[in-house]
């Protein structure tokens with residue numbers, strides 16, 4: 001008997017609830033923090049991005065139409081499934097981000113714990129957004145004037161490079177919480193934890209297509225995402241500052257909502273632990289609808 | 001129906017050209033043609049052609065004169081703000097809505113096509129079906145889309161089908177006759193080929209894949225087998241017959257695949273609205289969207305295009 005051959009995981013894209021390879025057939029090498037080869041990740045093309053947006057658009061009405069309470073249950077389930085894979089996630093984050101020579105005490109572990117807790121946090125927020133961000137407005141007339149926050153639609157999310165898991169969790173949870181569908185471009189250098197996160201989505205009752213994750217070169221994907229006419233909001237948290245201007249200009253063509261972590265004035269995200277959790281992070285992906293209704297005599 | 005001897009179809013092209021179809025080879029060829037890559041300039045040309053070949057269709061119980069008027073304006077100017085987009089080939093509707101369609105389209109190059117003969121099932125007495133054809137033509141339809149009696153065909157009544165198509169052609173007079181085979185109900189490529197040859201021998205100007213009213217609609221292999229039947233019929237008789245694909249064609253990508261099959265089987269001569277049509281309702285917006293994508297380089301938004 002020879003030695004057992006390793007069964008290595010193939011990291012692919014997550015589109016419409018399935019894990020296809022890039023239609024282009026391309027992949028790229030993912031390295032650990034100390035420069036060792038970890039795995040090949042799929043290098044998504046703009047056609048993959050187009051497919052992901054189409055899947056998100058198709059899935060969105062159902063997700064937005066669920067009761068907020070039900071969405072909360074599903075997001076909580078994401079946390080549960082991630083918790084059951086905690087050890088695997090810690091290993092992946094550690095391998096990706098930690099330089100063996102400069103080992104800090106357990107930042108991978110705290111990042112994964114924080115990330116899971118973020119899902120729990122946003123799961124609890126879903127059915128509170130309506131009264132936190134909306135309500136009855138006082139008006140001078142015999143009318144009710146009611147404001148309700150509603151999801152913007154399909155949100156493109158450019159995940160921060162680091163924290164590799166915490167960043168994507170915080171940004172996706174904030175967008176999904178309010179009922180948006182998501183097309184996320186994962187951290188380019190450390191994309192693997194985000195793909196493992198997608199496996200948690202698939203076993204959490206999150207309807208297929210509600211969250212889609214692409215791995216690849218941001219330089220190639222982000223301009224297409226920003227210019228796409230059927231994407232309603234773009235989160236530029238993970239866009240390099242030198243590229244912000246062009247991305248925002250492209251996004252302006254169809255008046256996309258431009259979102260970034262921490263933009264609503266709350267504490268700046270801590271690069272090493274977690275972008276901020278806040279109701280404002282969720283409402284940044286939402287629009288306020290206001291209706292007038294006549295009062296009875 | 002029982003055939004009497006000698007079979008009246010002997011001697012017509014059906015007998016000589018109606019051979020067996022290699023289903024595996026056919027599907028492999030259709031699949032191979034579907035992977036052909038069409039690049040930018042050719043793609044723009046193909047998208048433009050697909051619009052010119054489009055039969056903009058509405059066949060709903062809820063169709064009203066108002067809806068026909070709206071669709072007629074869309075047929076004339078698919079993109080209201082962009083005059084470079086051509087008009088479609090025809091507006092395809094139910095017979096009772098021919099008068100408002102003729103009102104809206106008279107004096108334009110967009111044809112009025114009416115379905116007839118108890119569309120989509122064809123299960124009505126022959127006289128009633130022929131009367132429907134005569135009504136549509138007298139009301140001003142330029143083209144008539146009839147269905148064959150699949151029930152009779154499957155029961156072995158090929159002669160009856162042949163004679164019915166002949167009678168419909170006579171009833172249609174100068175109007176173009178498109179014969180719908182409803183391939184989803186024929187059950188095999190052999191029967192699709194045979195029904196194609198019968199329809200063409202009986203005088204069809206076009207043969208058409210489907211009504212779009214059953215789940216199993218047009219497919220690339222079915223289009224290929226029909227195109228090959230047209231080619232063989234044309235070689236045997238010298239008469240050119242058109243092909244219309246309909247049912248389930250919603251994306252520009254699919255439309256281009258059908259164009260590739262036409263070009264590879266029948267040649268560029270068939271890439272014209274006179275000999276090729278695509279019957280569709282939601283395809284047109286996707287064609288417009290893909291044209292915008294090719295021109296601007298950015299993916300567009302379905303909300304920017306008119307609803308039917």
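Condition check ((1) buried (at least 22 other Cβ atoms within 10 Å of the Cβ); (2) in contact with a helix residue (DSSP H, G or I) (Cβ under 6 Å, 6 or more places away or on another chain)) across all residues:
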| site | (1), (2) |
| --- | --- |
| B:145 | yes, no |
| B:154 | no, no |
| B:159 | no, no |
| B:171 | yes, yes |
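For the stretch A:48-80, what are the residues that are surrounded by fewer than 19 Cβ atoms within 10 Å (Cβ to Cβ) and over 30 Å from residue B:286 (Cβ atoms)? Spell out the reasoning first.
So the first thing to find is which residues in the stretch A:48-80 are surrounded by fewer than 19 Cβ atoms within 10 Å (Cβ to Cβ), and the list is A:50, A:58, A:61-62, A:64-70, A:73, A:76-77, A:80.
Those that are surrounded by fewer than 19 Cβ atoms within 10 Å (Cβ to Cβ) and over 30 Å from residue B:286 (Cβ atoms): A:67, A:68, A:69, A:70, A:73, A:76, A:77, A:80.
Can you say whether residue B:279 is outside any loop (DSSP other than H, G, I, E, B) and either within 14 Å of chain A (Cβ to nearest Cβ) or touching a residue at least 12 places away in the same chain (Cβ under 8 Å) (or both), as far as the supplied structure shows?
Details: outside any loop (DSSP other than H, G, I, E, B): yes; either within 14 Å of chain A (Cβ to nearest Cβ) or touching a residue at least 12 places away in the same chain (Cβ under 8 Å) (or both): yes.
It is true that residue B:279 is outside any loop (DSSP other than H, G, I, E, B) and either within 14 Å of chain A (Cβ to nearest Cβ) or touching a residue at least 12 places away in the same chain (Cβ under 8 Å) (or both).
So is residue A:84 under 25 Å from residue A:175 (Cα atoms), within 14 Å of chain B (Cβ to nearest Cβ) and modelled with pLDDT of 95 or more or not?
On the way: under 25 Å from residue A:175 (Cα atoms): yes; within 14 Å of chain B (Cβ to nearest Cβ): no; modelled with pLDDT of 95 or more: yes.
No: the conditions fail for residue A:84.
Identify all residues within the stretch B:81-93 that are closer than 16 Å to residue B:142 by Cα and in contact with a helix residue (DSSP H, G or I) (Cβ under 9 Å, 6 or more places away or on another chain); write none if there are none.
Looking only at the stretch B:81-93, we keep the residues that are closer than 16 Å to residue B:142 by Cα, and these are B:88-93.
Residues satisfying the conditions are B:88, B:89, B:90, B:91, B:93.
Does the stretch B:207-218 contain any residue that is outside any loop (DSSP other than H, G, I, E, B), farther than 30 Å from residue B:288 by Cα and in contact with a helix residue (DSSP H, G or I) (Cβ under 9 Å, 6 or more places away or on another chain)? Break it down into steps so the answer makes sense when it comes.
Start the filter on the stretch B:207-218 by keeping residues that are outside any loop (DSSP other than H, G, I, E, B), which leaves B:207-208.
With farther than 30 Å from residue B:288 by Cα added as a condition, the list becomes none.
No - not one qualifying residue is present in the stretch B:207-218.
Rundown of residues vs (1) more than 14 Å from chain A (Cβ to nearest Cβ); (2) under 23 Å from residue B:75 (Cβ atoms), yes/no style:
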{"position": "B:256", "(1), (2)": "yes, yes"}
{"position": "B:268", "(1), (2)": "yes, no"}
{"position": "B:287", "(1), (2)": "yes, yes"}
{"position": "B:299", "(1), (2)": "no, no"}
{"position": "B:308", "(1), (2)": "yes, yes"}
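What's the number of the only condition in (1) assigned to a loop (DSSP other than H, G, I, E, B); (2) over 16 Å from residue B:283 (Cα atoms) that residue B:66 fails to meet?
Unmet condition: (1).
What is the one condition in (1) within 14 Å of chain B (Cβ to nearest Cβ); (2) more than 30 Å from residue A:291 (Cβ to Cβ) that residue A:60 does not satisfy?
Among (1) within 14 Å of chain B (Cβ to nearest Cβ); (2) more than 30 Å from residue A:291 (Cβ to Cβ), the lone unmet condition for residue A:60 is (2).
For the condition crowded, with 17+ Cβ neighbours inside 10 Å, at pLDDT below 95, within 13 Å of another protein chain (Cβ to nearest Cβ) and part of a helix (DSSP H, G or I), what is the one hit in B:303, B:292? Spell out the reasoning first.
On the way: B:303 fails: crowded, with 17+ Cβ neighbours inside 10 Å.
Result: B:292 is the single residue among B:303, B:292 that is crowded, with 17+ Cβ neighbours inside 10 Å, at pLDDT below 95, within 13 Å of another protein chain (Cβ to nearest Cβ) and part of a helix (DSSP H, G or I).
Results for (1) farther than 26 Å from residue B:300 by Cβ; (2) modelled with pLDDT under 95, shown as yes or no for each residue.
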{"residue": "A:34", "(1), (2)": "yes, yes"}
{"residue": "A:44", "(1), (2)": "no, no"}
{"residue": "A:57", "(1), (2)": "no, no"}
{"residue": "A:70", "(1), (2)": "yes, no"}
{"residue": "A:77", "(1), (2)": "yes, no"}
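Rundown of residues vs (1) over 26 Å from residue A:221 (Cα atoms); (2) touching a helix residue (DSSP H, G or I) at 6+ places or on another chain (Cβ under 8 Å); (3) touching a residue at least 40 places away in the same chain (Cβ under 8 Å); (4) surrounded by 16 or more Cβ atoms within 10 Å (Cβ to Cβ), yes/no style:
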{"position": "A:86", "(1), (2), (3), (4)": "yes, yes, no, no"}
{"position": "A:148", "(1), (2), (3), (4)": "yes, yes, yes, yes"}
{"position": "A:156", "(1), (2), (3), (4)": "no, yes, yes, yes"}
{"position": "A:169", "(1), (2), (3), (4)": "no, yes, yes, yes"}
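What number goes with the only condition from (1) surrounded by fewer than 18 Cβ atoms within 10 Å (Cβ to Cβ); (2) in contact (Cβ under 8 Å) with a residue 40 or more places away in the chain; (3) not in a strand (DSSP E or B) that residue A:9 does not pass?
Residue A:9 satisfies every listed condition except (2).
Residues of the stretch A:228-247 being crowded, with 16+ Cβ neighbours inside 10 Å and either more than 19 Å from the chain's Cα centre (by Cα) or away from chain B (no Cβ under 11 Å) (or both), which ones? Working first, answer last.
Of all residues in the stretch A:228-247, those crowded, with 16+ Cβ neighbours inside 10 Å come to A:228-239, A:243, A:247.
Result: A:229, A:233, A:234, A:235, A:236, A:237, A:238, A:239, A:243, A:247.
Among the residues of the stretch A:202-223, which ones are within 14 Å of chain B (Cβ to nearest Cβ), buried (at least 23 other Cβ atoms within 10 Å of the Cβ) and over 15 Å from the mean Cα position of the chain (by Cα)?
Scanning the stretch A:202-223 gives a single hit, A:221.
Within the stretch A:195-219, work out how many residues are out of contact with any helix residue (DSSP H, G or I) (no Cβ under 7 Å at 6 or more places or on another chain), touching a residue at least 40 places away in the same chain (Cβ under 8 Å) and farther than 15 Å from residue A:172 by Cβ.
Matching residues across the stretch A:195-219 total 3.
Of all the residues that make up the stretch B:123-143, how many are surrounded by fewer than 21 Cβ atoms within 10 Å (Cβ to Cβ) and within 27 Å of residue B:273 (Cα to Cα)? Outline the logic, then answer.
Here is the first cut: in the stretch B:123-143, the residues surrounded by fewer than 21 Cβ atoms within 10 Å (Cβ to Cβ) are B:123-128, B:130-131, B:134-135, B:138-140, B:142.
Then drop every residue that is not within 27 Å of residue B:273 (Cα to Cα), which leaves B:130, B:134-135, B:138-140, B:142.
The qualifying residues number 7.
Going by what's in this entry, would residue B:50 be described as buried (at least 18 other Cβ atoms within 10 Å of the Cβ) and in contact with a strand residue (DSSP E or B) (Cβ under 6 Å, 6 or more places away or on another chain)?
Values: buried (at least 18 other Cβ atoms within 10 Å of the Cβ): yes; in contact with a strand residue (DSSP E or B) (Cβ under 6 Å, 6 or more places away or on another chain): no.
No; evaluated as a whole, the condition is false for this residue.
Is it fair to say residue A:69 is touching a residue at least 24 places away in the same chain (Cβ under 8 Å), more than 19 Å from the chain's Cα centre (by Cα), part of a helix (DSSP H, G or I) and under 27 Å from residue A:205 (Cα atoms)?
Numbers: touching a residue at least 24 places away in the same chain (Cβ under 8 Å): yes; more than 19 Å from the chain's Cα centre (by Cα): yes; part of a helix (DSSP H, G or I): yes; under 27 Å from residue A:205 (Cα atoms): yes.
It is true that residue A:69 is touching a residue at least 24 places away in the same chain (Cβ under 8 Å), more than 19 Å from the chain's Cα centre (by Cα), part of a helix (DSSP H, G or I) and under 27 Å from residue A:205 (Cα atoms).
The values are calculated or read from the model by the stated rules, or taken from the named source; none is laboratory data. Note that the structure is a prediction, hence the values are computed from the model and not measured. Here the Cβ is made from the backbone with ideal geometry for all residues, glycine too, and neighbour counts use every protein chain on show.
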